[in-house]
Amino acid sequence: MTLYTTLDSPLGELLLVGEESATAPGGTALASLSVPGQKGGATVQESWTHDPDAFAETARQLRAYFDGELTRFALTYTDTRGTDFQRRVWQALEAVPYGTTTTYGAIAAGIGAARGAVRAVGTAIGANPLLVVRPCHRVIAADGSLSGYAAGPVRKRRLLAIEGLAPDAG
């Protein structure tokens, strides 16, 4: 069964979508975390069940992250979406430490992709269904600029600031 709730955050309202899971903390595996207006973000479907209690552990960890008290999420995800290439890129994102950034080129190299795969890496990052918890905001351009972010540059800048980074003004 697909469950959902919303959560207020420094990024605006977050939409959390998950599936019931006997092994996930709190009984819900996170399938999507998005914001309104996000490119490729989730939208509530009629068949989904609103259940804020199912996301209590996810909400607790998100609040701790936004308060600067949590540097690594311990959540279960439902990784049924995405191509093999996208999943490799998303796995590489999870290895980028809190409070640091990397580049699209470094992600490409890290997954063994050709040098010319930087755009494909950017596209895969843009399709990440788990904003914040799978830290695509930590990926910047080789010149240090923020470059793209599915939830917009203001939110990317805000997330980097939460992690103690001083991102560019662009």
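The values are calculated or read from the model by the stated rules, or taken from the named source; none is laboratory data. Nothing here was measured: the structure is a model prediction, and the numbers come from that model. All Cβ positions, glycine included, derive from the backbone under ideal geometry; neighbour counts span all protein chains shown. The area values use the complete protein model at the heavy-atom level, side chains included, leaving out ligands, DNA and RNA. Shrake-Rupley method; radii C 1.70, N 1.55, O 1.52, S 1.80 Å.
Please report the carbon-and-sulfur percent of the accessible area for segment 1-56; probe 1.4 Å, protein heavy atoms only, DNA, RNA and ligands left out.
In segment 1-56, the share of accessible area belonging to carbon and sulfur is 48 percent.
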Counting sequence-distant residues (5 or more places) and residues on other chains, those with an amide H built under 5 Å from that of L131 are L33
Going residue by residue through segment 16-33, the Karplus relation 6.51 cos²θ - 1.76 cosθ + 1.60 with θ = phi - 60° gives ³J(HN,Hα) values, rounded to whole Hz and with x marking Gly or Pro, of 9, 10, x, 10, 4, 8, 5, 9, 7, x, x, x, 9, 8, 6, 9, 7, 9
Charge dipole of segment 13-133 built from unit charges on the beta carbon (Lys, Arg +1; Asp, Glu -1), centred at mean Cα; most positive-end Cα among V35, G82, F55 is G82
If every Lys and Arg gets +1 and every Asp and Glu gets -1 at its Cβ, then about the Cα centre the chain yields a dipole, in debye to the nearest 20, of 720 debye
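Quick one: accessible area per residue over segment 27-170, 1.4 Å probe, rounded to a whole number of Å²?
Working: 7090 Å² over 144 residues.
I get 49 Å² per residue for this part.
Stretched out fully, how many nm does the piece from V44 to F85 gain, at 0.36 nm a residue minus the Cα gap? Walk me through the intermediate numbers first.
Values: separation 41, 0.36 × 41 = 14.76 nm, distance 2.71 nm.
Once the chain is fully extended between V44 and F85, it gains 12.1 nm.
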Charge dipole of the chain built from unit charges on the beta carbon (Lys, Arg +1; Asp, Glu -1), centred at mean Cα; most positive-end Cα among M1, G26, Y98 is Y98
A chain fully extended from L165 to R115 at 0.36 nm per residue, minus the present Cα-Cα distance, gains in nm 15.3 nm
Of the candidate values (1) 27, 22, 18; (2) 23, 17, 16; (3) 26, 18, 14, the one computed for semi-axes √(5λ) of the Cα gyration tensor in Å from this structure is (3)
With V35 itself left out, Lys, Arg at +1 and Asp, Glu at -1 over residues whose Cβ is under 13 Å from its Cβ give +2
Counting as exposed only GluC sites (Glu not before Pro) in DSSP loop states with no more than 11 other Cβ atoms inside 10 Å, the longest exposed-site-free span of the chain is 70-170
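For n ≥ 4 DSSP H runs only, could you compute -39500 (n - 2.57) per run for the chain, divide by its residues and tell me the 222 nm figure to the nearest 500? Spell out each step's value before the answer.
Numbers: 5 runs with 48 residues, N = 170.
When only DSSP H runs of four or more count, the value is -8000 deg cm²/dmol.
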Under the 7 Å Cα-to-Cβ spin-label approximation, A74 and S21 lie apart by a distance in nanometres of 1.5 nm
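With both bridge residues required to lie in the chain, what share of the DSSP beta bridges run antiparallel, to the nearest 5%? Before the final figure, lay out each step's value.
Values: 12 of 18 bridges.
If we restrict to bridges inside the chain, about 65 percent are antiparallel.
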